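Presented below is the structure to which this report refers.
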């Protein structure tokens, strides 16, 4: 086994590329760094700061090597070449066929056509695009050939020929006839270019004129087709971004990850208008979006004036590398405010949505449940897969009516039939630590003797709501019962710090993007909710008992019967005398006296008000059996 810390001592502080290898020697990840030593130290020394997927990757890393580069730009280019060569499974890999459609117009031709292409060439032609999922390229073609008299055909125009039907329909200047000059035709093509650059006024004017003309002729079918074209125009090019110049072109990139899958969203602004966007979802450990951006432009040379993104370590190097791929200057910026910041936030929202909705509903569910359980084991180095997690929380008000909850998650999902509740029996006053010790001692003692299905099942992991203090008392319960074999941890709320029973003084910070942390939070919050609900219901019962016992002639047995039948004094107050008289031992007259007394109290007795509040907000689906 390689001593990574010792090997790191020999790593230089130069820019370069590093390659992670598994035990078979296969390259599983390629990365770049401005400072190789610092970057590699962040992998093997300060694990708590790494993303969940990176930490999972490190489980498979057996060795690494590096290549020193002359500059950060060279490192980016070398990284891209190595990714293409080795296709490492933990890198974001952009397939070569991920090419979007562009429109091409070659103004060097005498009579240019509008062509659909998927590759950009440095041939002097004008390119427009890319056109992504939200834009139908056929609609754009249709609008162009409806509003502008340019040719669709591929005819050889070296000698005159008979015009086609489009010329007779007024849809083409018919350069094939030899009756139009190149200058006249190119004037029409320049209108097309103006439209593709974002000026849609001319197209709108032409479509409206023709729609109204056909409507006046009562040719309503054709008029309707032009109305539909106007709707298509509105959908395609009327997404004006305020505060941006009309001739401004932007590409916006945003990266999101949940620790298992990652998503990148790209938004395209052309002519100051948001004209498209697309998402790319990958199962990768790479959180450097610069690698993806360069791969993208390697396949699709940039047509934009500016790239807007964040999370890039070296903006300048990316800018230089991208500019080398095209014939104009492209800026790379990370906005702090303004319209660019708003667009970047929109891209992040789209990326997050794509990530959370990736795959089938079953796959997403599996990611949040069993996938989170597996990730939890990997990130915390647990000896056992924590399939059954039991979580505990304490609830009381100033040390009164102290209760505890036990919730159970199996396979990452709540198992409500195994939820259990405890009333604290031995602890006096306000002492959460001692309450936790009592509850866990009682629960763990049940493992050997209980016939209850939940109490007799051995948990894989005990989760305590709290920090080091709560964990210390919980470990005392384990020692008292001889069940130190069960893994235990606590989750502190303020910084979401995890304290493991095996190392209770060292906080572990799970990546915020990890589904493992999200699972722990869900389990912890469910234990808290269940404890509070039990505590409120218990207080409601005690308040109701107090109210009923103050009514003359109501003893403990009658009080118990009433509460068993109706739940609380507040609920009894809304019953009829006949309903109360149906209970054994209560006459109709006594029922009327009870209701009168409750009605008189309800206006002034705060206990009734609180009881009503509790009943209103209690969850009727909570398990209410299994109290310990």
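Throughout, read-outs are computed from the coordinates displayed, never taken from laboratory work. Not measured: the values here are computed from a predicted model. Here Cβ is always computed from backbone atoms with ideal geometry, including for glycine, and neighbour counts include all displayed protein chains.
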| Cβ-Cβ FRET estimate between residue 413 and residue 385, R0 fixed at 22 Å, reported to 0.05 | 0.90
| query | Gap in Å between the Cα centre of the stretch 428-467 and the Cα centre of the stretch 375-425? | reply | 9
| remark: Final fewest-first order of 559, 176, 326 on the 10 Å Cβ neighbour count is 326, 559, 176
| task | Mind giving me the nanometre distance, one decimal, between the label points for residue 592 and residue 323, set 7 Å out from Cα along Cα→Cβ? | result | 9.6
| field | Size descriptor, Kirkwood hydrodynamic radius, that averages inverse alpha-carbon separations across the stretch 102-237, Å | value | 15.9
| note | Here the relative contact order (percent) of the stretch 401-505, from C-alpha pairs under 8 Å and at least 6 apart, is 21
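At 222 nm, what value in deg cm²/dmol follows for the chain if DSSP H runs of at least 4 each add -39500 (n - 2.57) and the sum is divided by all its residues, to the nearest 500?
Values: 22 runs with 273 residues, N = 628.
My calculation for the chain gives -13500 deg cm²/dmol from helical runs alone.
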| Between residue 227 and residue 68, 0.36 nm times their residue separation minus their Cα-Cα distance comes to what? | 51.1 nm
| message | Please arrange 145, 383, 365 by how many other C-beta atoms lie within 10 Å of their C-beta, fewest to most. | response | 383, 365, 145
| query | For the chain, what's the relative contact order in percent, using C-alpha pairs closer than 8 Å and at least 6 residues apart? | reply | 10
| Residues residue 122 and residue 188, FRET efficiency given R0 of 22 Å [Cβ-Cβ distance, rounded to 0.05] | 0.25
| Among bridges DSSP assigns within the stretch 250-356, what percent are antiparallel (round to 5)? | 75
| field | Extension gain (nm, one decimal) between residue 565 and residue 529, 0.36 nm per residue minus Cα-Cα | value | 10.4 nm
| request: Would you mind calculating the relative contact order of the stretch 250-356 from Cα pairs under 8 angstrom and at least 6 residues apart, reporting the percent as a whole number? | output: 34
| Taking Cα centroids, how far is the stretch 252-330 from the stretch 169-230 in Å? | 36
| task | Rounded to the nearest 0.05, what FRET efficiency do residue 549 and residue 349 give with R0 = 51 Å and r taken as the Cβ-Cβ distance? Could you check? | result | 0.35
| What's the extension gain from residue 216 to residue 156 if we count 0.36 nm per residue and subtract their Cα-Cα distance? | 17.7 nm
| query | Ordered by packing density, taken as the mean number of other Cβ atoms within 10 Å over each peptide's residues, highest first, how do 453-459, 521-527 rank? | reply | 521-527, 453-459
